[in-house]
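No value in this document is a laboratory result; all are computed from the given coordinates. From a predicted model like this one, the values you see are computed outputs, not experimental measurements. Methodologically, a virtual Cβ is constructed for each residue, glycine included, from the backbone with ideal geometry; neighbour enumeration extends over all protein chains shown.
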Amino acid sequence: MKALLILASLVAIARADLDVKPLETWIAKQKDLQSLEADFVQERKLPSLKKPVSTPGKLRMVRPGKLLWELGNPVKTLAVSDGSSMTLIDVENKRGKVIDQDTAEAKQFTLLSDQAFRDLAGFQATFELVESRVTDGIYQLTVKPKDKALKKHVSWMFLDIDQKTQELRALDLELDDKTRIRTVFTQSKINAKIDPAVFQPNTEGYRMLR
């Protein structure tokens with residue numbers, strides 16, 4: 001009986017550390033999001049490197065499924081989705097590849113345009129909610145992927161959500177090899193008009209793999 005009481009107390013403590021109301025409020029706002037344009041800084045922490053590597057970039061997204069990640073200034077790497085497939089381009093070395101939209105590699109980039117961010121039920125079907133806390137007005141949520149393809153590559157995901165503006169401030173991924181990729185967003189423009197041509201990369205002169 002004592003053991004059961006202790007177990008019940010531990011469960012209660014775990015639940016106390018997970019407040020889904022701010023998540024529900026943020027996701028409700030995503031229903032009105034049709035496009036997004038934002039600058040960002042991406043920091044990569046690799047087990048083999050002593051210091052993290054920081055790279056500026058730009059994100060453009062149009063629902064459903066279209067997005068463009070530009071890494072570097074000038075741009076060194078592109079990840080472009082037209083809604084059916086994703087093209088990864090190494091600008092410096094003039095090479096690239098087209099990958100299926102459903103692969104774990106592609107889902108690292110397409111997470112924000114995924115159905116999981118349309119409602120709370122979809123989010124909970126895609127991610128296991130682990131822990132939440134609020135620090136200086138930022139709702140910080142820790143989750144684990146449920147998707148079989150994604151969880152083979154991404155072990156953990158961390159979201160920082162500004163409770164005042166209901167904007168995603170940072171997205172943090174921990175990969176299976178312990179690499180940590182943190183993307184901090186700035187200068188976000190919601191539902192701005194985005195030229196559809198940016199989601200059709202010009203690969204002329206590139207060595208493309210399929």
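Between 0 and 90 degrees, the angle of helix 21-30 with respect to the longest Cα principal axis of the chain falls at about 30 degrees. In the stretch 17-203 the Cα-Cα distances spread across 10 Å bins starting at 0 as 9, 36, 41, 13, 1 percent of all pairs. The charge dipole of the stretch 17-203, taken about its Cα centre with unit charges on the Cβ of Lys, Arg, Asp and Glu (plus for the first two, minus for the last two), comes to roughly 380 debye.
Within the stretch 143-210, the ratio Rg/Rh, alpha carbon atoms throughout and Rh by Kirkwood, equals 1.09. As a proxy for reagent exposure, ASP136, ASP172, ASP177 were ordered by neighbouring Cβ count within 10 angstrom, fewest first; the result is ASP136, ASP177, ASP172.
Under the combined filter of DSSP loop state and at most 13 neighbouring Cβ atoms within 10 Å, the stretch 66-159 retains these GluC sites (Glu not before Pro): GLU92.
A dipole drawn for the chain from +1 and -1 charges on Cβ atoms has a positive end, and of SER54, MET86, ALA116 the residue lying farthest that way is SER54. With neighbour counts taken as other beta-carbon atoms within 10 Å, the residues VAL134, VAL62 rank, fewest first, as VAL134, VAL62.
Among the listed pairs LYS151/LYS178; LYS97/LYS189; LYS31/LYS76; LYS31/LYS189; LYS107/LYS148, those with a Cα-Cα distance over 21 Å are LYS97/LYS189; LYS31/LYS76.
With neighbour counts taken as other beta-carbon atoms within 10 Å, the residues PHE185, PHE117 rank, fewest first, as PHE117, PHE185.
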